[in-house]
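First the structure, in the form of structure tokens, and then the observations on it.
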Amino acid sequence: MPIANSNQNIISSAREELVVARQMHQALVLHFLEGLTQSQIAERLGISQPTVNRLIKRGRQLGLVEIKIKSPIEPLVDMEEQLLALGGISRAVVVPTVSDNQQTALQAVGEAAARLLMEEIADGDTICITGGKGVSAVVAGLHPSRRLDIEVIPATGCVQGKHYTDVNHVSTLMADRLGGRSYQIHAPLFADSAAERAMLINMRSVADVFKRAREAKVALVGIGSILSDDSSYYDLHPSSSTDRAAIQRSGASCELLAHLLDDQGRVCDYSLNRSLVSLTLDEFASIPTKIGVASGPNKAGPILSVLRGRHLDTLVTDEATGERILAMASEKGLSA
């Protein structure tokens, strides 16, 4: 008899477990697939609401529920995670490539970076910027809901000529859009020599601007190509366009704050780097939030170089550029 009773207990326990498992399955289906509340499930199954709560909680603990979110931006989020896995940044923002037209694509990237910038800044903050098409696109995308008490500071010397190369012009536009104040830099981007650079950097008016730039909360910069014919770098100095052989010998693959960098993100041994009137990359690194903006297939290599140099915290780009970055990284065997 004791053996019979033991067998009956085992059978009874197994049946109870099956009943509980069935109730758990029903409760999970009713809650997650049919959208019923716990009180509705309790009424449907004829059990108490606390019992329903325990069944659902236990089901999740056992891994019986997998929640999958389908979203049109899911591919973009996946790409952002892949870009982060390359290393060198802590945040990536990828927007859909809306057009094959590079200006249209850059406009979408600029608008995304403008939204991100608005989330980062508050009254009393200082923003440090470069000139360039990317930063100009961000300025065009700014639509603040109110005036902000902020300062906009150039991170480099000035280049007269095309509107996007003139950091004073871009700085003034950004400050006007945000309702803040801009500072002007009264020095050229390139001095005639390293000695003249040292003299310019130490001039009180110039030193004051760079001191404010170093103390900025947020930096917003473009990432420049150097090996393509449409590179903006050749708009910055009259001799650079005739000095391409020396630029190529230096191993330059990109431009950041007008510094020519190699494919590892290191400053190249190139003459204009030594006469550059700009924040140094070490000074730039001390700024808490550094946002880089770039779009276009010719920017994939430069972006990889900047990632390898770990110069930025955040990258804002578009999907087609992101695809090219990941493809190049795979070809070169780059990883986090």
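Observations
- Between the listed residues LEU45, GLY157, GLY131, the Cα displaced farthest toward the positive end of the dipole of the chain, a dipole computed from Cβ unit charges relative to the Cα centre, is found at LEU45.
- Remark: the chain carries a charge dipole of roughly 840 debye about the Cα centre, counting +1 on each Lys and Arg Cβ and -1 on each Asp and Glu Cβ.
- The trypsin sites (Lys or Arg not before Pro) of region 49-138 meeting both criteria, a DSSP state outside H, G, I, E and B (loop) and at most 13 other C-beta atoms within 10 angstrom of the site's C-beta, are LYS68, LYS70.
- Normalised contact order of the chain, rounded percent, pairs of Cα under 8 Å and 6 or more residues apart: 19
- Rounded to the nearest 10 degrees, the inclination of helix 300-309 to the longest alpha-carbon principal axis of the chain is 90 degrees.
- Carbon and sulfur %, accessible surface of the chain computed with the full protein complex present, 1.4 Å: 50
- The H on the amide N of LYS290, modeled in the peptide plane, is under 5 Å from the matching H of ALA219, ASP313, THR314, each at least 5 residues off or on a different chain.
- Average accessible area per residue (Å²) across region 83-126 - probe 1.4 Å, nucleic acids and ligands excluded: 46
- Cα gyration tensor category, rounded, prolate or oblate, for region 76-195 with a/c compared to 1.5: prolate
- Based on the Stokes-Einstein relation at 4 °C and a viscosity of 1.567 mPa s, and on the Kirkwood radius from alpha carbon pairs, the chain is assigned a translational diffusion coefficient of 56 µm²/s.
- Positive minus negative residues near HIS259 (Lys, Arg vs Asp, Glu; Cβ under 15 Å): 0
- Helix-only CD estimate at 222 nm, as mean residue ellipticity for the chain, using -39500 (n - 2.57) per DSSP H run (n ≥ 4): -14000 deg cm²/dmol
- Sum of side-chain charges, ASP282 neighbourhood, beta-carbon under 13 Å (Lys, Arg +1; Asp, Glu -1): +3
- Angle between the chain longest axis and helix 74-85 axis [Cα atoms, degrees, rounded to 10]: 60
- For LYS211, the aspartates and glutamates whose Cα comes closer than 17 Å to its Cα, not counting residues fewer than 8 places off in the same chain, are ASP125, GLU151, ASP282, GLU283.
- Tensor-based shape of region 129-209 (alpha-carbon gyration tensor, a/c under 1.5 rounded, otherwise prolate or oblate): oblate
- Using the Cβ-Cβ distance between ILE73 and ARG44 with R0 set to 35 Å, the FRET efficiency from 1/(1 + (r/R0)^6) comes to roughly 0.45.
- Normalising the average separation of contacting C-alpha pairs (under 8 angstrom, six or more residues apart) by the number of residues puts the relative contact order of region 93-215 at 22 percent.
The values are calculated or read from the model by the stated rules, or taken from the named source; none is laboratory data. All values derive from a computational prediction rather than experimental measurement. Neighbour counts are summed over all protein chains in view; Cβ atoms, including those assigned to glycine, are modelled from backbone coordinates with ideal geometry. For accessibility, only protein heavy atoms count, side chains too; no ligands or nucleic acids. Shrake-Rupley method; radii C 1.70, N 1.55, O 1.52, S 1.80 Å.
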